[in-house]
Structures are given as C-alpha cells and as structure tokens.
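The structure under discussion appears below in the form of structure tokens.
Readers should treat all values here as calculations from the given coordinates under stated rules, not as data from a laboratory. Small disclaimer: the values here were computed from a predicted structure and weren't measured. Methodologically, a virtual Cβ is constructed for each residue, glycine included, from the backbone with ideal geometry; neighbour enumeration extends over all protein chains shown.
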Amino acid sequence: MLEMFTKWRANKKRSDIEHNSIDATRVPNHVAIIMDGNGRWAKKRNLPRIAGHGEGMKVVKKVAKYSNKIGVKVLTVYAFSTENWKRPKTEIDFIMKLPEQFLTSFLPELMEEEIQVRVIGDLNHLPNHTRQAVEKAVEQTKNNKRLILNFALNYGSRVEILNAVKGISDDVKNNNIALEDINEELFSNYLLTKDIADPDLLIRTSGELRISNFLMWQIAYSELWFTDVLWPDFDEEHLAKAIQDYQQRKRRFGGL
Ligand SMILES: CC(C)Oc1ccc(CN(CCC(N)=O)C(=O)c2cnn(Cc3ccccc3)c2-c2ccc3sccc3c2)cc1
C-alpha cells in the first residue's frame, strides 16, 4: 500500500514539475498529433490490436483535458495506421464503435471543460450511427469556447489541396474571383482547416519519422516533435515535454 502511494506521489509530483516548467504565456495555440502505435502497443503485450485502440481512445481524453488545462486553443488528432486498408473486418467494426462510446462517455466532461468537438474530412465514409453520434457531439459542443478538439477523419492532404485547386479554378471560371486574387490567404480558405490557424507544433508518436500526407500545407512552419513512445503510453508528461521543447526552440526564434 505504502509502495503504491509513494509511486502515485512521485508520478503526481513529476507531472506537476513537468507542468510547471511550461511557460503559460507561450503555450502553442494549435497542437496537431499523429496518433500512431496502438497496434504495436497491443502486440508487445500479447493483446488483440483492438485493445490498443481502446487504450488509445483513453489517451485522447487525457491529452484533450490537459491541453485544455494549459490553454492550448486547438488540438487536432489524426489516427494514423499503415494497416488502414489491411485491417481485418472485426477491427474496422470495433473502431467504428469507438467514436460513439467516446462521445457518450466523454460528452459530460466536454461540456464541463467547455471543449468544442470539430471534424475535418469526409463524414460520409462513416456508418450512419457513427456519423449521427459525431454530428450530435459537434452540434452540442459548438458554443463551447475553450479548446477545439478537432478530429481528422478519413483525411488526406493531397486530396484536400486538389479540392482547393478545383474550388479556386471553379470560382475563377465563374468570375467569382480573379487570378490576381489568388494568394496564400485565399488558398487556405479553400482548405478543410479554413477557420483554424496553422499548427504551431506537430507531434508524432511511435518512432515513425514521416508526415504521412497530414496537413502538408498547414505545417509549412510548424515545429515537428517525434517520440518513440507508442500512443497508448503517451501522457501529459510527454505532451508537457513536447511543449517545453517547442518553447525552447521559439526562444531561439526570438533572437537571430
Ligand atoms: C468526433 C470523433 C470521436 O469522431 C470520430 C469518428 C470516427 C473515428 C474513426 N476514425 C476515422 C475513420 C478512419 N479510419 O479514418 C479514426 O480516425 C480511427 C482509426 N483508428 N482509430 C482508433 C484509434 C483510437 C485512438 C487513437 C488512435 C486510433 C480511430 C479513432 C481515432 C480517434 C478516436 S476518439 C474516439 C474514437 C476514435 C477512433 C474517429 C473519431
């Protein structure tokens, strides 16, 4: 019992220390995370892959609440998995049930924490029951003014950029805009992230050092932070460390 308490205390202290060494006045406005490693986490423990996804979902809640606590304005999360297309049907079915469980269980806290849920990407690929649960949560939280918890669903940057090109071409063809109007600001208004500022910090877990077609236009000037930690093991301390590193880098940015 005493040993457990000592461990709890050390953990609590560590996360406070980590938290305290974040400069509250220079917290990144928008943090984007490529959540990777659920499968490996489960495999390492001889658990079924869906156990990794279940754990991963709990980490989304933890990281969202901590981001809200320290004053991050937007947290965009992207579930990346190379097996996206190779997943067995049982896993796909499990994954598609996660959002409803997540939203039903998390909605009271989302309201209490004044967190707004948004999605970028195509909801139509989701089963009806999943899409309805998402639309309900987006509707119910739309007036919440603190953290925007933004889910990238079925998202791909190149498709997003191509759709922006098509939208702009259409508007030029229909004389809604002139060629000389096309600049970076106008272009970004045709992206799914149109009313969201670019990520200041992009985090990717599980040791992969790739962008994987995620927010490629938006991360042009973002700080990139990679960790070997598998998503289900990621916690507030890892996020605090990423933000401390971000703040160190920005300090140099201030100088020449
Ligand atoms: C508003 C929000 C709750 O609505 C959503 C509607 C549909 C999805 C499912 N989804 C999109 C479909 C696709 N495959 O693109 C994924 O991104 C996907 C693919 N694997 N995992 C497991 C995983 C879980 C946790 C971390 C990484 C991967 C997820 C995933 C991602 C985050 C969260 S949080 C609650 C459930 C869940 C599931 C997601 C959100």
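Structure notes:
- Rounded to 10°, Cα long-axis angle of helix 236-254 versus longest principal axis of the chain: 50 degrees
- Net charge dipole size for the range 142-182 [Lys, Arg +1 and Asp, Glu -1 on Cβ; Debye, nearest 20]: 400 debye
- Using Cβ point charges alone (K and R +1, D and E -1), the dipole size of the chain about the Cα centre works out to roughly 900 debye.
- Semi-axes of the equivalent ellipsoid for the range 46-157, Cα gyration tensor, largest first, Å: 23, 16, 13
- Positive-pole candidate from Tyr155, His129, Asn174, dipole of the range 124-180, charges at beta carbon: His129
- Listed cross-link partners Lys73/Lys241; Lys65/Lys86; Lys44/Lys73; Lys145/Lys173 are compared with a 27 Å cut-off, the Cα-Cα value being larger for Lys65/Lys86; Lys44/Lys73; Lys145/Lys173.
- Largest-first principal axis extents of the Cα set of the range 199-256 (Å): 37, 27, 15
- Once C-alpha pairs closer than 8 Å and six or more residues apart are averaged by separation and normalised to the residue number of the range 61-137, the relative contact order reads 38 percent.
- Extreme residue, positive dipole direction of the range 116-256, given options Leu201, Leu224, Val138 (C-beta unit charges): Val138
- Taking 0.36 nm per residue of sequence separation and removing the Cα-Cα distance, the Thr90/Arg158 pair yields an extension gain of 21.6 nm.
- Arg249-Arg40 FRET efficiency (beta carbon distance; Förster radius 25 Å; 0.05 resolution): 0.35
- Entry note, the chain: relative contact order of 29 percent, from Cα contacts under 8 Å with a spacing of 6+ residues.
- Residues whose amide H comes within less than 5 Å of that of Ile148, counting only those at least five positions distant or on another chain, are Val74, Leu75, Gln116 (H built at 1.01 Å from N in the peptide plane).
- Computed about the Cα centre, the dipole magnitude for the range 124-245 is approximately 520 debye when only Lys and Arg (+1) and Asp and Glu (-1) carry charge, each at its Cβ.
- Mean residue ellipticity at 222 nm, helices only, the chain: -16500 deg cm²/dmol; runs of at least 4 DSSP H residues each add -39,500 (n - 2.57), and the sum is divided by the number of residues.
- For Asp181, Asp235, the sequence from fewest to most other C-beta atoms within 10 Å is Asp181, Asp235.
- Length gained when the stretch Arg9-Lys62 is fully extended (0.36 nm per residue, less Cα-Cα span): 17.2 nm
- Distance distribution note for the chain: the fraction of Cα pairs above 29 angstrom is 35%.
- Estimated inter-spin distance, Ala24 and Lys97, nm [label 7 Å along Cα→Cβ]: 4.2 nm
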